[in-house]
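Engineer: Just dropping this structure here.
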Amino acid sequence: MKYSVMVEYALHSLVYLIDVPPEESIGIKDLSEFQGLSETYLSKVLGKLSKAGIVSSVSGVKGGYKLSKKPEDISFWDVVKAVEGESPIFQCKNIKANFANQTGHCDSCASGTSNCTINIVMLEAEEQMRNYLRGKTIAWLEEELNRTLPSERIAMAKEFFHKKNS
């Protein structure tokens with residue numbers, strides 16, 4: 001299982017947007033500069049978040065992005081789903097049909113009532129992971145970062161965006 005690096009960039013970008021006042025936004029240029037990314041790549045990330053209703057874009061000279069929801073209402077799973085989609089990680093290939101079923105296909109693997117033990121276990125594991133990610137929010141991430149990062153580093157990041165918006 002592997003999520004793309006877009007998920008990480010999305011989560012980082014959301015943390016930087018937490019303290020943006022409602023009447024302001026952070027430009028894509030500033031977000032990409034701070035993270036060392038191309039504007040084009042980060043635009044794709046933020047476009048996915050915008051389509052999912054997690055961020056909204058503000059047009060104009062002082063335009064950019066801001067959160068569309070409260071940080072406590074944005075879960076890690078919301079971000080993963082927005083960036084990666086909802087397809088199951090485990091893709092059953094109906095191998096069971098080749099040796100045990102002999103009918104040539106396995107209808108149950110694609111349905112919610114699978115009788116394939118391997119598929120059941122893998123889908124249950126994915127659901128546990130999704131539930132865990134649903135329990136972690138951007139507000140929680142901010143609290144963790146405030147607890148674990150040096151205060152100078154947090155102040156430097158906030159100052160970077162504050163200066164750019166002034």
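Engineer: Just in segment 1-59: which trypsin sites (Lys or Arg not before Pro) are loop by DSSP and have at most 10 other Cβ atoms within 10 Å? Mind dumping the intermediate values first?
Structural biologist: On the way: sites: K2, K29, K44, K48, K51; in loops: K2.
For trypsin sites (Lys or Arg not before Pro) across segment 1-59 that sit outside H, G, I, E and B with at most 10 neighbouring Cβ atoms in 10 Å, the list reads K2.
Engineer: Which is farthest toward the positive dipole end of the chain among S68, L31, S43, measuring Cα position about the Cα centre, with Cβ charges +1 (Lys, Arg) and -1 (Asp, Glu)?
Structural biologist: S43
Engineer: When only DSSP loop residues count, what GluC sites (Glu not before Pro) in segment 1-98 have their Cβ near at most 16 other Cβ atoms within 10 Å? Could you put the intermediate results ahead of the total?
Structural biologist: Numbers: sites: E8, E23, E24, E33, E39, E72, E84, E86; in loops: E23, E24, E86.
Sparse-neighbourhood loop GluC sites (Glu not before Pro): E23, E24, E86.
Engineer: Sticking with this one: Given segment 1-65, report the % of alpha carbon pairs whose separation exceeds 14 Å.
Structural biologist: Details: 1134 of 2080 pairs.
Above the 14 Å cut-off, segment 1-65 has 55 percent of its Cα pairs.
Engineer: Right, something else. What does the accessible area per residue of the chain come to in Å², with a 1.4 Å probe and no ligands, DNA or RNA counted? Let's see the in-between values first.
Structural biologist: Values: 10230 Å² over 166 residues.
Accessible area per residue: 62 Å².
Engineer: Cα-Cα over 26 Å: which of K69/K163; K70/K163; K69/K136; K51/K163; K62/K158; K69/K164? Mind dumping the intermediate values first?
Structural biologist: Values: K69/K163 24 Å; K70/K163 24 Å; K69/K136 15 Å; K51/K163 28 Å; K62/K158 18 Å; K69/K164 23 Å.
Long pairs (Cα-Cα over 26 Å): K51/K163.
Engineer: If you don't mind, there's one more thing I want to ask. Which is the longest run of the chain containing none of the chymotrypsin sites (Phe, Trp or Tyr not before Pro) found in DSSP loop states (not H, G, I, E, B) with at most 15 other C-beta atoms within 10 Å? Intermediate values should be presented prior to the final figure.
Structural biologist: Working: sites that count: Y3, F90.
In short, 4-89.
Engineer: Of V20, I138, I54, which is farthest on the positive side of the dipole of the chain, counting Cα position, with +1 on Lys and Arg Cβ, -1 on Asp and Glu Cβ, and the Cα centre as origin?
Structural biologist: Of the options given, the answer is I54.
Engineer: How much net charge surrounds P88 when only other residues with a Cβ under 15 Å from its Cβ are counted (Lys, Arg +1; Asp, Glu -1)? Walk me through the numbers before you get to the answer.
Structural biologist: On the way: positive: K2, K81, K93, R130; negative: E84, E86, E124, E126, E127.
It works out to a net charge of -1.
Engineer: If you roll a 1.4 angstrom probe over the protein chains with everything in place, what fraction of the accessible area of the chain belongs to carbon and sulfur, to the nearest %? Don't jump to the answer; show the numbers that get you there.
Structural biologist: Working: 5500 of 10230 Å².
Of the solvent-accessible surface of the chain, carbon and sulfur hold 54 percent.
Engineer: Could you pull the Rg and Dmax for the chain, using just the Cα atoms, both in Å?
Structural biologist: 20.2, 69
The values are calculated or read from the model by the stated rules, or taken from the named source; none is laboratory data. Given the structure is predicted, the values throughout are model-derived calculations rather than measurements. Glycine also receives a Cβ, built like all others from the backbone with ideal geometry; neighbour counts cover every protein chain displayed. To get the accessible areas, we keep the full protein, side chains included, count just its heavy atoms, and leave off ligands, DNA and RNA. Shrake-Rupley method; radii C 1.70, N 1.55, O 1.52, S 1.80 Å.
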